[in-house]
Structure formats: C-alpha cells, structure tokens
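Down below is the structure, laid out as structure tokens.
No lab work stands behind these numbers, since they all come straight from the coordinates. Values in this document were obtained by computation on a predicted structure and should not be read as measured data. Quick reminder, even Gly has a Cβ in these numbers, built from the backbone with ideal geometry, and neighbours come from all protein chains shown.
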Amino acid sequence: MLNIKIALRNIFRNGTRTILTMFSIIVGMIAISIVNGFINYSMWGLRESMIRGGIGHFQLYKKGYLEREEDIAFGYLIDNYKGLLKEIYRSAEVSFVAPEISFNGVLSSGEKSTIIIGKGGLKEEEEKLNSFGEIVEGSFFEDDSFEVMIGEGVAKKLKAKTGDTLTLMAPMKGGGLNAIDVVVKGIIRMQIEEYNNTILISPLKLAQNLLGVDGVDRLIVMCKDTENATKSEKDLIEFSKKNDLELKSWKDLAVFYFQVKDMYNTMFLVLFVIIMGVIIFSIANTMTMNVYERISEIGMVRAMGARRRQILLQFMLESSLIGIIGGFIGVILGYTVASLANLSGGIYIPPPPGNAKGYYSMIKPDFVNVLLCYLAFILTCIIASIFPARKAAKMEIVEAIRRS
C-alpha cells in the first residue's frame, strides 16, 4: 500500500502531463468499447436476420439431397415428414419445425414475367420463420388457399399489388410444366436484396400440387434461442442417423455471416493495434520525462539503500496505475456513451451492399471482450514503461547525485 501511495503521488506530481497521458487511454478505451458494441450488435442482427429470415437453426434433408444432380431433386423428398415432426418436437429446446419444399419457376402477370425461387410451407411456421422480414402490404396466406407471398422486388418487377391474380409455372416431377393461378396475399421485404427480388412463399399444399409431389425436401428446425441451439444438436444428429437424414446447422448454411464476421474482426484488430501504438508512445514519453525530472530523487533513494529492482518496479507500478485509472474511466464513459446512443434509438445504418433495407444499430459492448481489452491496456502500459524504468534503475548513485 505504501508503494501505491507513493506511485499515486508521483504520477500526479505533474498533473497536466499525467492527465494528457490518461486522456489518450480514456479515448482509446471509449473507442474500443463503442466499436466492440457496434460490431457485437451488428453481428447479432445479421446472424438472427439470416436464421429468422428462412435458414432456421437446423435443416434436415434426405441423405444425398445436397449432393444430388439438379434434375433429380424430386428423388430425394421426405415423404413421411408428418410422422417425423412429432419426434423432433420431443426436444425441449425446439420451438417449432417448418416442413418446406423449394422450387424454381416463373411468375407472370400476363404482360411481364420473372424467375422466382419459391418455397411452400405452412402459414404459422412460415410467419415465425420469416419474422425478420417486413410485410409492407397485405398479410400471410391461408394454408388451404391459392394465395402467395412475394418479395417486394418481385412485386416491383411485375408491378403487382395485393389482390392481383398471377400465373405461377414450375416443372413437375414427371418432367412436364404445370401452371396455377395464384392471388397475391401479401408483399414482404427481406433483408438480402437478391433474396427479396426472387422470393415467393406459397402454402405447402399449393406447392405440392404444382410440382406433383406429396413430400417435402427439408425440415427447418427453430430452437427457442440461438445460444442454446447446440443443446438440440446432439439429439438431432442421432435422429438424422436413425431416419436416414442429413443435418446442417445455421453455421454450415450462413457462409456470408462468417465472411462479414472475419472482415469486422480484422477491422477491430487494426483499430486495436493503432490505439495500442498511441498508448505505448504516450506512456513511454511520460515515463521518460519522469525519469529525467527525478534523477536526483533516484540517486538519493539508491543512496539510502533502495535496490535497482525496487526502482524498476516503482516506475512500472506508476505506469500500471495510469493504465488502471485511465482504462477504468474509459470503460465507464464507453458504456455511458453506448447507453445514451441506445436510449436515443440507436444509430441509423444505410442499407449495406446487397441489402434491401437499412437498420438502426444499437451499441451492445461484450463485457468479456471489453474486460480483455482493458487488461491489455494495462499490460501495454507496463510494457511501455520497461525501457525508461530500466534506464532509471541502471543509474549509478554518484552519477545521479552529480547530475542533480
């Protein structure tokens, strides 16, 4: 405690210099907290928008479906899906299961046509599965109907609105082409622009009748929350082996998410290294000035019996206290700024490339990451003080007293 008291007195002996040094640490810690909070929330939003935008937490296919040839897709349908649903629901973490069948086709208004990527599903499950989509007009279809949901981009291409009758065409299992007149029940805006420009969601029975099949090509499993989804993975792996199915998690399907995550992590690392460089320079400069101003003091302390190691540790302790105090203030101010930004409604982010809509980003710093950065700041301060501290410790007593 005595050494800490002495160190505190020494660092505030020249208050202006110490405050300026702490200021760089405080600003750096605020920047790290804000950027970490922004990245943390953005990645959470991207992850959930992909999971709740149609991917789900897990997808089950008939074995061989993913490696199939495109023209024999109908040979890998899950025909007994209704019986399988009951067994999947036994897992406590499963929220719901959405049976789906996907297809490619053409949607026509009579005057204009566009290629669509369609999927047939059940109303209740599809509403939950696409909860991150924004219904801009109308509502979801009824299960026993000829109603469909189309993406906002599809509606713009065909100049379609709710209530319009369109013709949906797709190849059947037998190889022929089938066509059904459908009514636009709703228009949905998805996050990914390419998806938004091609998506059509129909009742499962309508899609099966259009394609001339009775089964589905996938079972999409949604868990209660993403953090606990892995608890169901072991059960689903066993289930898929027993029923000749193959399992894919959202981590296997959301390749774009991990590409963006790697990019953000690289940006954060670059920012962190830059801030570390500024802190090292500030601390080294401050401690070097302290050494030159306290040469006589170092000589007298050494003459009174202090060892070189004690001088070294004293200067390193002073540097670490600057890091501890400055970093702590930076963490508090960082969380304060984040809270104020969140209370104001967040920061509006324009639509990123490839996205159909912007969003308001909150700032949610990850406590563990911020704590690790705080400890790294303190360690950086200690490392930056080693050179000037060693210089002070190596001074000869006579030389130090004479230079005073």
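Restricting things to alpha carbons, find the Rg to Rh ratio for the chain using the Kirkwood radius for Rh.
Rg/Rh for the chain comes to 1.22.
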Item checked: Computed helical MRE - 222 nm, the chain, DSSP H runs ≥ 4 contributing -39500 (n - 2.57), nearest 500 -> -17500 deg cm²/dmol
Notebook entry, point to check: Which percent, to the nearest 5, of DSSP beta bridges fully inside the range 64-243 are antiparallel?
Noted result: 75
Notebook entry, point to check: Angle between the Cα long axis of helix 15-50 and the longest principal axis of the chain, 0 to 90 degrees, nearest 10?
Noted result: 10
Item checked: Sites Ser296 and Glu48, calculated FRET efficiency, Cβ-Cβ separation with R0 56 Å, nearest 0.05 -> 0.35
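For the range 64-243, what is Rg from Cα atoms divided by 2.2 N^0.38 Å, rounded to two decimals?
The range 64-243 yields a ratio of 1.06.
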Next item on the list: Taking only the C-alpha atoms, wrap a convex hull around the range 237-360 and report its volume per residue in Å³ as a whole number.
Entry: 231
Margin query: So, R0 is 41 Å and r is the distance between the beta-carbons of Glu396 and Lys261; what FRET efficiency does that work out to, to 0.05?
Written below: 0.15
Next item on the list: With everything on Cα atoms, drop me the angle between helix 367-393 and the longest principal axis of the chain, reported from 0 to 90° to the nearest 10.
Entry: 30
Check: Too long at a 28 Å Cα-Cα cut-off: which of Lys128/Lys234; Lys185/Lys241; Lys119/Lys159; Lys62/Lys159?
Finding: Lys185/Lys241; Lys62/Lys159
Item checked: Computed label-point distance, nm, for sites Glu246 and Met289 using a 7 Å Cα→Cβ extension -> 6.5
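Using the Cα centre of the chain as the reference point, and only Cβ charges (+1 on K/R, -1 on D/E), how large is the resulting charge dipole? Debye, rounded to the nearest 20.
In total the dipole reaches around 2840 debye.
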Notebook entry, point to check: Over what distance in Å are the Cα centres of the range 32-83 and the range 207-263 separated?
Noted result: 6
Margin query: Could you tell me the calculated FRET efficiency between Ile4 and Lys231, based on Cβ-Cβ distance and R0 = 35 angstrom, to the nearest 0.05?
Written below: 0.15
Check: Helix 2-11: angle to the longest alpha-carbon principal axis of the chain, degrees 0 to 90, nearest 10?
Finding: 80
Item checked: Per-residue ³J(HN,Hα) for the range 252-261, Karplus 6.51 cos²θ - 1.76 cosθ + 1.60, θ = phi - 60°, Hz, x for Gly and Pro -> 7, 9, 8, 5, 4, 4, 6, 5, 5, 4
Next item on the list: Using a 10 Å cut-off on Cβ atoms, rank the peptides 284-292, 9-17 from the highest mean neighbour count down.
Entry: 284-292, 9-17
Notebook entry, point to check: Just the Cα atoms of the range 1-100, one point each, no solvent: what log10 I(q)/I(0) does Debye give at q = 0.17 Å⁻¹?
Noted result: -0.98
Check: Which percent of Cα pairs goes in each bin when the distances of the range 143-223 are cut into 5 angstrom slices starting at zero?
Finding: 3, 14, 22, 22, 22, 13, 4, 0
Checklist line | Theoretical gain in end-to-end length, Leu333 to Ser131 [0.36 nm per residue, Cα-Cα removed] | finding: 69.2 nm
